1. Can you tell me the dipole magnitude for the stretch 168-239 around its Cα centre, using point charges on the Cβ only (Lys, Arg +1; Asp, Glu -1), in Debye to the nearest 20?
2. Once you compute Rg and the Kirkwood Rh from C-alpha atoms, what is the Rg to Rh ratio for the stretch 232-287?
3. Evaluate the charge dipole of the stretch 190-395 about its Cα centre and quote only its size in Debye, nearest 20, assuming +1 on the Cβ of each Lys and Arg and -1 on the Cβ of each Asp and Glu.
4. With point charges of +1 on the Cβ of Lys and Arg and -1 on the Cβ of Asp and Glu, referenced to the Cα centre of the chain, which listed residue (Leu17, Cys56, Phe333) lies farthest in the positive direction of the dipole?
5. Can you list the HN-Hα couplings for the stretch 11-23, worked out from phi with the Karplus curve (6.51, -1.76, 1.60; θ = phi - 60°), rounded to whole Hz and with x for Gly and Pro?
6. Does the stretch 72-206 come out rounded, prolate or oblate, given a ≥ b ≥ c as the square roots of the eigenvalues of its C-alpha gyration tensor, rounded meaning a/c under 1.5 and, failing that, prolate meaning a/b above b/c?
7. Along the stretch 362-374, what does the Karplus equation 6.51 cos²θ - 1.76 cosθ + 1.60 (θ = phi - 60°) give for ³J(HN,Hα), rounded to whole Hz, x for Gly and Pro?
8. Would you work out the charge dipole size for the chain about its Cα centre, treating the Cβ of every Lys and Arg as +1 and the Cβ of every Asp and Glu as -1, and quote it to the nearest 20 debye?
Amino acid sequence: MRSIRKGYILAPFLSALWAITIVWCLSIISSFSTGEAFKPNFLLTSLSGLTVGLICSRIKGYKKNHKLGIFLLLFVAVVVLSPITRLTDKYFNNLEFFLNSFFAVILIISASKILRDIDFYELTRHQFEDYIIKFLTNFGYIFFTAIVAIPFYVMVMTSLKNQSELLLNPLNFSIDFSKGYDLFRSYTELFSDFNFGSYIITSFFVSIITVIITLLFAIPGAYAVARLRFKGRGIFSSSILLIYMVPLIVLALPIYVGFSLFGLRNSVLGILMIYPVTTIPVALYMLQGYFRTVPTEIEESGLMDGLSRISVILKITLPLSLPSIISVSLYVFMIAWNEFLLAFMLLDDPSKFTITRGVAMLDSSEVPRQHLMAGSVVATIPVMLMFLLLEKYLRQGLTAGSIKG
């Protein structure tokens, strides 16, 4: 283990891993933006990273003009190695030269910044772990961003294609800006030919009503569990989420039969009756934990001032718990907005479809794939916008400013 904690071993190793990460990102971005396949050469990439890491870890003692010369030599060496190439090309071209130059600049700057203070010979355990954690943190940011961004990018780019482009090259995710407004033809057809505006209105209505019903039941129930003392309180508190131990697919047939017998199938009212059943338990569980964090002294002060228990809840507890209530509301809204199984099972009339049921209707051999992707984008954007708008509430402290000194 002590041999690994040598700077001249750790620096090239981390730089090589960082080089592989960068070259993969550039290859994916280039392939998606140009429609041509690029491949990274792992051997040349690792060699570039090892060289840059070894030299950058020793450069802190040099003068500025010497550093500039070394950086230029490293830049030329990395570009000559050219770890990024086209799959179809045998020779170097201008785009590959640009990509390899860009890769060299990013690698040298990042390695010199990260490894500039590394001890070339002996690292303490704290320094060794610190460099490892920094690399894993930066890698995690890139990796999880890619997991989220790449599918969304592919979905958006596919929605901007026409049928002939998809048949000609399904893996071409570049944009042809020369088409102008015709780029958004799939979206206009989505609303004009597939009645997606009605699906969005229905989903908004159902989701908002589900949030209201859920909060009307969850807030008093969670407050009772968190504050009041009654027989069976502990068992009830710990068994709130037991409903989630039963898979919804198991309940699908009884729900379908029951709703058919009572005439609630294929109606928005039936959806509004069943959705809160799936959201109230999780809202109860989340809110009871939030209410327990509100200092009891504040509520007791209100009771001593002559307020009733209801007034204490309305005037003290709920305002202090506003960030948590908003976060629970957003979570419930997302559950109702994205719910598919019950909507697919209970809704057959296209005039009453929710957004997820409408997107599922597009998954057909008779409907071009770009319309399915456009529908998925339309279903995703509202939730993303709501999250961005309510982010500040999600980050606020539950009792920030509640006690004035």
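None of the figures in this text is laboratory data; all of them are computed from the coordinates on show. Source: prediction; values computed, not measured. Ideal geometry is used to build each Cβ from the backbone, glycine not excepted, and the neighbour counts take in all protein chains shown.
1. In debye, rounded to 20, the stretch 168-239 gives about 880.
2. Numbers: Rg = 13.6 Å, Rh = 12.8 Å.
On the Cα set of the stretch 232-287, Rg over Rh gives 1.07.
3. Details: 13 positive and 11 negative charges, 121 e Å.
Dipole about the Cα centre, nearest 20: 580 debye.
4. Going by the Cα projections, it comes out as Cys56.
5. 4, x, 4, 5, 5, 5, 5, 5, 5, 4, 4, 5, 5
6. Numbers: a/c = 4.20, a/b = 1.70, b/c = 2.47.
Cα axes put the stretch 72-206 in the oblate bin.
7. Couplings: 6, 7, 9, 5, 7, 10, x, 5, 5, 6, 5, 5, 5 Hz.
8. On the way: 32 positive and 23 negative charges, 307 e Å.
The calculation lands at about 1480 debye.
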